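Working notes, structure below.
The values are calculated or read from the model by the stated rules, or taken from the named source; none is laboratory data. Because the structure is predicted, anything quoted here is derived from the model rather than measured. For neighbour counting, all protein chains shown are included, and Cβ atoms are generated from backbone atoms with ideal geometry for every residue, glycine included. Accessible surface is based on the protein model in full, side chains and every heavy atom, while ligands, DNA and RNA are left aside. Shrake-Rupley method; radii C 1.70, N 1.55, O 1.52, S 1.80 Å.
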Amino acid sequence: MNKRFIEPMQDIGTALFQVQKPARYVGGECGAAPPLGPEDSRLRIAISFPDLYEIGMSNNALRIIYSMLNERRNVLACERVFAPAPDFEQLLIQKNIPLYTLESGIPLFDLDILAFTMGYELLATNMLTIMERGGVPIETARRGEGDPIVIAGGPAITNPLPFARFLDAVWIGEAEAGFVDLVIGLAELKKSGASRRDTLILLAEHPSVWIPPSLEKSLGLPHKKHVVRAIFQDFYRTEPVLRFPYPVLSPVHAHGSVEIMRGCPNGCRFCHAGYFYRPQRSKYPEIIKKEVENLILRQGYKEITLSSLSSGDYPGIIELFDDLNTAWSKHKVSFQLPSLKVDSFTLPLLEKISEVRKSGLTFAVETALESWQCAINKQVPFEKIAAILHEAKTKGFKSAKFYFMVGLPVPEKGMKEAQEIVDYIERIADLERISIHVNVGTFIPKPHTPFEREAQLSEEEALECIQYIRRSLKYRKNIEVSYHPPFLSVLEGLLSRGDESVADIIFDAYSKGARLDAWDEHMDRDLWREVLTRFDEKRGGAAWQSFLAEKGEGEPLPWRGISLKVASRWLQRERERAQEKKLTSICTEKCTEKCTEKCGICGHFYSIVSKSILNKEEKHIGLSASDYVGSDFRIAGREFFPDSAAEANMLEVKLIAVWSKKGPAVLYPLHDVARSFSRAFHVTGYQVSFTRGFNPQPRLELSPPLPLGVEGENELLLIWINIPKNSLGGFEKFILERQNDVLSLLNNNLAKGLTVKSLGISRFNDDRKRTIGALLKATVWKYRFATKELYIKANTILAEYPNDFSLAWNDTAMAQNEIDLVEKFSGASGKTLSFYKILKSGLAVEAFVSDATENYFKAERIDCYGVLEDNGGYTKLRDIL
Ligand code: SF4
């Protein structure tokens with residue numbers, strides 16, 4: 001393998017067409033950290049959420065860590081890498097190219113640190129794919145001097161033993177509480193020329209870092225018996241620095257997200273996140289508002305999720321929701337509250353949500369009987385649900401989703417739980433005529449919770465319950481039942497509860513080809529079943545099943561060396577309370593001073609942060625939305641870009657932009673290009689106009705899509721914006737006189753390869769019929785051929801279509817192996833033919849902007865033309881729009 005950085009457009013070239021969504025692998029996002037040169041000696045760290053780009057780019061932990069680390073670019077550079085889809089993995093193997101980071105193309109073997117944030121257990125094999133494809137030995141024992149240190153963290157790895165064979169270190173807890181300092185320490189160590197051993201020793205010394213026992217041994221270190229979770233107490237009063245790239249492909253969660261509260265006061269006994277993120281810390285409303293403002297004005301988001309484990313428990317959620325709606329509704333921004341617990345889901349809150357969206361409600365009931373709800377410490381009284389549903393229906397909600405689990409440690413788990421779920425849903429259906437969606441999952445007794453010693457249902461037991469629920473509700477109209485496959489829950493249970501031997505299962509499954517296991521279309525159950533059978537054969541008996549079985553009170557647990565700071569005595573007491581169906585009260589500030597429950601978290605350093613603390617600390621942080629000061633450009637043209645103004649005082653103006661599409665942008669799909677433009681106009685201050693109707697969209701139109709890989713020289717964009725009435729003349733002058741500033745601001749906010757070349761106001765502002773779709777009659781293309789031979793062949797093909805294409809008036813010299821061609825719409829054949837497509841199949845080669853091979857042609861759309869009404873002659877489309 002070579003040691004230089006990878007340039008995917010150059011090094012992979014045309015072959016990128018062989019894979020789905022090649023834009024996943026070329027970077028170029030607006031807001032990405034600047035690339036490094038191969039000679040740069042700063043510490044190189046890549047952070048990965050080990051799933052596909054669209055999933056990884058939605059991950060909040062990744063955004064936080066990337067932003068925080070890149071604040072320290074004087075000593076380090078943090079880049080991103082995601083899991084390759086199987087088609088791209090094969091391509092890398094074929095071409096002998098190592099997996100690389102998106103910012104600079106650093107081959108992973110050339111990193112100092114490769115860090116994974118593990119959101120769920122089924123990412124395990126993806127982690128190995130990333131390492132192996134990046135040329136990083138996947139087993140700790142095989143890594144040596146010069147190899148990257150591999151670290152992981154996140155809620156799915158609070159029992160690190162199943163991953164011990166693959167990782168050099170595991171960070172336990174919240175990254176803001178010391179991870180950056182640790183990496184800075186490693187950067188300084190690198191500068192001093194420290195060895196791998198010195199680096200590992202520094203890591204091992206940190207109280208929140210776990211090191212695999214085998215590595216401890218080889219380093220000659222004593223076994224660390226106690227690793228404690230890092231808690232970021234100041235979450236509530238720290239404004240996060242969020243400078244994260246704006247994705248070039250729509251991520252799975254395309255909303256902007258503001259974490260309004262960390263932790264949860266409710267203490268549901270089955271919930272691992274509830275324990276991993278203790279204590280509850282609510283963020284200052286001022287900081288939340290500032291984060292929202294940043295997401296809207298600087299990042300261009302129109303939908304914002306106010307996220308937390310239980311958003312309804314945020315103190316003052318209704319006031320916050322009101323304030324945000326008042327400030328931003330005129331900007332067509334909507335806010336969403338996921339994770340609403342029924343207790344906190346008060347009717348006034350329902351009222352607020354219904355103002356924005358009436359699509360559906362979600363109730364995480366978990367278990368049907370109220371006495372069983374006491375056992376899991378989560379009260380979801382039937383009467384309350386019924387009352388909320390009734391109210392919701394009157395407010396226009398049409399559907400409700402109910403989440404349940406089977407296999408919870410209740411007195412009659414299994415089929416009796418299934419029966420109770422059926423009865424519960426039937427009662428609901430009898431009460432309200434609303435469309436009901438039921439989702440059933442299998443309970444996984446997770447480490448560090450009061451149920452950590454409980455048994456998990458087998459796949460067969462869980463399936464029997466789920467099938468029974470499906471069969472029983474099949475005949476009811478308006479009820480749909482879906483479920484999380486119990487086999488996946490079994491794997492998740494195994495990966496979260498196992499010991500170091502489970503690494504053999506992960507390794508075996510990976511070696512046999514397991515990839516992207518959380519994806520239905522990629523998960524190969526037969527492969528995993530074979531691996532599990534082989535594991536049992538090797539170890540004898542029901543070896544893997546033993547990890548899902550009940551554990552006796554005195555029995556050591558694989559995760560015993562890890563402390564989330566919740567006392568084990570307390571977990572035990574909670575388990576006893578569950579058996580007695582007794583509730584434990586929720587955490588309140590009152591309890592912080594004299595906590596009667598005392599789980600072990602609150603004390604001198606940590607405490608819950610709720611209403612009274614937020615009120616008590618008279619701290620005003622940040623700017624309010626109305627204080628926002630934009631870029632220089634916005635200040636200069638501020639009169640045309642009011643942050644808010646009544647619609648009646650605004651005038652809709654049609655702008656025409658000429659833009660080009662080059663480099664990595666030739667791989668961006670058209671709708672993502674449109675998203676990119678709409679965002680760039682928005683964040684540079686323009687008030688983009690929206691379509692009317694149920695789902696308003698930014699009002700813009702682009703020239704017809706170009707095939708992937710084809711450049712565009714003078715593409716067109718129509719975008720409608722609003723400016724204050726009576727300012728059209730001034731605005732025209734402003735755009736003309738400040739054209740360079742206007743363009744450079746827009747271009748700074750676009751993905752790499754998209755460039756606005758000119759911007760002006762349409763002369764036909766009021767003529768709604770003058771659109772690209774209506775007026776486009778011809779396009780001009782330039783084709784360049786790598787060899788004379790290809791050029792001659794292309795001309796022979798062209799001769800077969802004498803009436804569909806004509807050579808352009810500015811046809812270039814034959815010596816340059818180029819053809820300039822006019823493609824008229826509805827040619828002689830009555831159809832609009834694409835010479836590009838004809839060439840592609842006729843020459844049997846791909847077109848691409850850059851390719852190291854000799855066998856290629858390049859295609860570029862040079863311009864778009866319309867027909868002048870008066871003389872029927874062709875004219876540049878931009879002049880008649
Ligand atoms: S110590 Fe008390 S208030 Fe603090 S997290 Fe534990 S139970 Fe809640």
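Rounded to the nearest 10 degrees, the inclination of helix 382-394 to the longest alpha-carbon principal axis of the chain is 20 degrees.
Couplings for segment 73-85, taken from phi via the Karplus curve 6.51 cos²θ - 1.76 cosθ + 1.60 with θ = phi - 60°, read 6, 5, 10, 8, 9, 10, 10, 10, 8, 10, 6, x, 5 Hz in order; Gly and Pro are left as x. Placing unit charges on each Cβ (+1 for Lys and Arg, -1 for Asp and Glu) gives the chain a dipole about its Cα centre, and among Val683, Pro212, Pro160 the Cα reaching farthest toward its positive end belongs to Val683.
Would you mind getting me the FRET efficiency between Ser399 and Glu789? Use the beta-carbon distance for r and R0 = 41 Å, nearest 0.05.
Approximately 0.10, to the nearest 0.05.
Protection proxy ranking, highest mean first, for peptides 681-690, 221-230, 314-323, 742-751: 681-690, 742-751, 314-323, 221-230, where packing is the per-residue count of other beta-carbon atoms within 10 Å, averaged. Within straight-line reach of Lys788, meaning a Cα separation under 17 Å, sit the following lysines at least 8 residues removed in sequence or on another chain: Lys840, Lys858. Approximating the spin labels as points 7 Å out from Cα along Cα→Cβ, the Ser41-to-Arg692 distance works out to 6.6 nm. Which of the three applies to segment 7-68, rounded, prolate or oblate, going by the alpha-carbon gyration tensor with a ≥ b ≥ c and a/c under 1.5 meaning rounded? Oblate shape, in that a/c is at least 1.5 and b/c is the bigger or equal ratio.
The smallest convex shape that holds all Cα atoms of segment 169-283, its convex hull, gives 176 Å³ per residue.
From the Cα gyration tensor of segment 545-605, with a ≥ b ≥ c the square roots of its eigenvalues, which class applies: rounded if a/c is under 1.5, or else prolate if a/b is larger than b/c, or else oblate? Here segment 545-605 falls in the oblate category. Per-peptide packing, taken as the mean over residues of other Cβ atoms within 10 Å, places 717-724, 280-287, 511-518, 388-395 in the sequence 280-287, 717-724, 511-518, 388-395 from highest down.
So which aspartates and glutamates pass the test for Lys551, namely a Cα distance under 13 Å, with those fewer than 8 places away in the same chain ruled out? In chain and number order, the partners are Glu452, Glu454.
Summarising the amide proton neighbourhood of Glu259: residues at separation of 5 or more, or on other chains, whose placed amide H is nearer than 5 Å comprise Ser307. Per-residue packing, averaged as other Cβ atoms within 10 Å, sorts the ranges 484-496, 396-408 into the order 484-496, 396-408, beginning with the highest. For segment 517-526, backbone phi angles converted through the Karplus equation (6.51, -1.76, 1.60; θ = phi - 60°) give residue-by-residue couplings of 5, 7, 9, 3, 6, 9, 4, 10, 5, 4 Hz, Gly and Pro being listed as x. Of all aspartates and glutamates in the structure, the ones whose alpha carbon falls short of 17 Å from that of Lys662, not counting any fewer than 8 places away in one chain, are Glu7, Asp11, Glu29, Asp672, Glu711, Glu713, Glu715, Glu846, Asp851, Glu860, Asp863.
Report summary: the helix-based calculation at 222 nm, which adds -39500 (n - 2.57) for every DSSP H run with n ≥ 4 and divides by the residues of the chain, gives -9500 deg cm²/dmol. 3J(HN,Hα) along segment 24-38, derived from phi through the Karplus expression 6.51 cos²θ - 1.76 cosθ + 1.60 where θ = phi - 60°, amounts to 4, 10, 10, x, x, 5, 5, x, 6, 4, x, x, 9, x, x Hz, with x in place of Gly and Pro. Computed in the context of the full set of protein chains, the accessible area of the chain at 1.4 Å probe radius has 51% of its extent on carbon or sulfur. The angle between the Cα long axis of helix 86-95 and the main principal axis of the chain comes to about 60°, on a 0 to 90 degree scale. Computed over protein heavy atoms with a 1.4 Å probe, the accessible surface of the chain works out to 41 Å² per residue. Taking label positions 7 Å along the Cα-Cβ direction at both Gln467 and Asp526, the computed distance is 2.0 nm, reported to one decimal. Looking at the square roots a ≥ b ≥ c of the eigenvalues of the Cα gyration tensor of segment 24-170, which shape do they give, rounded for a/c under 1.5, prolate if a/b is larger than b/c, or oblate? Judged from the Cα gyration tensor, segment 24-170 comes out rounded (a/c under 1.5).
Report the FRET efficiency, 1/(1 + (r/R0)^6), for Asp181 and Asn615, where r is their Cβ-Cβ distance and R0 is 45 Å, rounded to 0.05.
E(calc), rounded to 0.05, equals 0.90.
Between His437 and Arg539, what FRET efficiency comes out of the Förster formula 1/(1 + (r/R0)^6) with R0 = 51 Å and r the beta carbon distance, rounded to 0.05? Step by step, r from the Cβ atoms, then E = 0.80. Relative to the longest principal axis of the chain, what angle (0 to 90°, nearest 10) does the C-alpha long axis of helix 60-70 take? Once rounded, one gets 70 degrees.
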